[in-house]
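Written below as structure tokens is the structure these notes are about.
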């Protein structure tokens with residue numbers, strides 16, 4: 001039986017992108033190839049908030065995610081990939097994941113809820129485990145899956161073929177796979193040649209509905225130029241712009257500016273409902 005290291009498993013509404021407002025189960029896997037320490041920082045500087053929290057954790061360990069402080073800069077899900085917090089993320093079997101999932105769903109049924117597999121980076125090391133999870137009998141009624149990815153991890157041939165078969169229109173109901181690609185712009189602090197991989201994102205389109213989702217603060221983040229790179233490679237999906245900010249004080253500084261920039265250039269704007277509604281607390 002497959003196992004996955006799980007940072008968080010919770011029920012909420014999707015706050016971003018295509019399924020904004022849809023009731024969802026979030027399966028947050030552990031591990032990522034990026035740190036995104038530049039978010040919310042002056043250009044060229046990197047956040048040190050996670051390092052400060054890690055020092056506290058070393059001396060007086062937190063016992064669960066809900067105890068961890070939120071950060072106003074850098075990656076707002078830092079504990080889902082930073083190895084200094086890996087002790088908070090258990091390795092769970094697919095059976096255990098499904099049982100926990102059914103307990104948090106209303107009436108213990110999928111109904112209109114969809115599954116969001118996020119991270120960290122969910123396509124980094126767990127692709128072989130997902131078919132075992134999704135083939136569980138209690139997952140049969142699941143109709144929609146979203147992978148929230150940074151768009152740098154190739155799909156293995158086996159997993160790509162599995163997703164194509166999972167969504168084939170031969171079931172008693174329609175199923176759909178979505179790739180929500182949060183490609184990292186310059187404000188993330190990641191190197192452009194590593195973060196922007198249009199060749200990989202274009203391949204996602206062969207396995208499911210794919211869209212781009214750029215977190216940005218100003219026009220200097222080069223969202224339009226980056227989108228052109230994807231288009232030149234053959235990307236045909238929509239592009240959303242989202243405001244940077246893991247806490248409301250930062251988020252509200254630039255959400256209107258980003259929305260107006262999206263309108264001006266004919267792009268889609270996505271809110272981040274988890275910030276104003278739930279203050280971006282863990283498990284929301």
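The values are calculated or read from the model by the stated rules, or taken from the named source; none is laboratory data. Because the structure is predicted, anything quoted here is derived from the model rather than measured. Heads up, the Cβs are rebuilt from the backbone with ideal geometry, glycines too, and the neighbour counts pull from every protein chain shown.
See the values below:
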read-out: Matching residues in the stretch 197-211 - criterion: being surrounded by 14 or more Cβ atoms within 10 Å (Cβ to Cβ) and either touching a residue at least 40 places away in the same chain (Cβ under 8 Å) or in a helix (DSSP H, G or I) (or both); value: 197, 198, 200, 201, 202, 203, 204, 207, 208, 209, 211
read-out: Some residue of the stretch 220-228 being within 19 Å of residue 36 (Cα to Cα), surrounded by fewer than 16 Cβ atoms within 10 Å (Cβ to Cβ) and at pLDDT below 95; value: yes
read-out: Residues of the stretch 173-185 that turn out to be surrounded by fewer than 20 Cβ atoms within 10 Å (Cβ to Cβ) and either closer than 17 Å to residue 35 by Cβ or in contact (Cβ under 8 Å) with a residue 40 or more places away in the chain (or both), as a count; value: 0
read-out: Flag for residue 251 being under 15 Å from residue 18 (Cα atoms), within 20 Å of the chain's Cα centre (by Cα) and either surrounded by 14 or more Cβ atoms within 10 Å (Cβ to Cβ) or free of Cβ contacts under 8 Å to residues at least 12 places away in the same chain (or both); value: no
read-out: Among the candidates 29, 73, residue that is closer than 28 Å to residue 241 by Cβ and modelled with pLDDT under 95; value: 73
read-out: Search result, residues across the stretch 36-62 that are closer than 30 Å to residue 127 by Cα and out of contact with any helix residue (DSSP H, G or I) (no Cβ under 8 Å at 6 or more places or on another chain); value: 51
read-out: Members of the stretch 121-151 found to be buried (at least 21 other Cβ atoms within 10 Å of the Cβ) and farther than 19 Å from residue 7 by Cβ, listed by number; value: 144, 151
read-out: Any chance residue 112 is surrounded by fewer than 15 Cβ atoms within 10 Å (Cβ to Cβ), in contact with a strand residue (DSSP E or B) (Cβ under 7 Å, 6 or more places away or on another chain) and in contact (Cβ under 8 Å) with a residue 12 or more places away in the chain; value: yes
read-out: Hey, residue 215 crowded, with 20+ Cβ neighbours inside 10 Å and either in a helix (DSSP H, G or I) or modelled with pLDDT of 95 or more (or both) or not; value: no
read-out: Matching strands (runs of 3 or more DSSP E) fully within the stretch 1-102 where at least 1 residues are more than 21 Å from the chain's Cα centre (by Cα) and surrounded by fewer than 21 Cβ atoms within 10 Å (Cβ to Cβ); value: 91-93
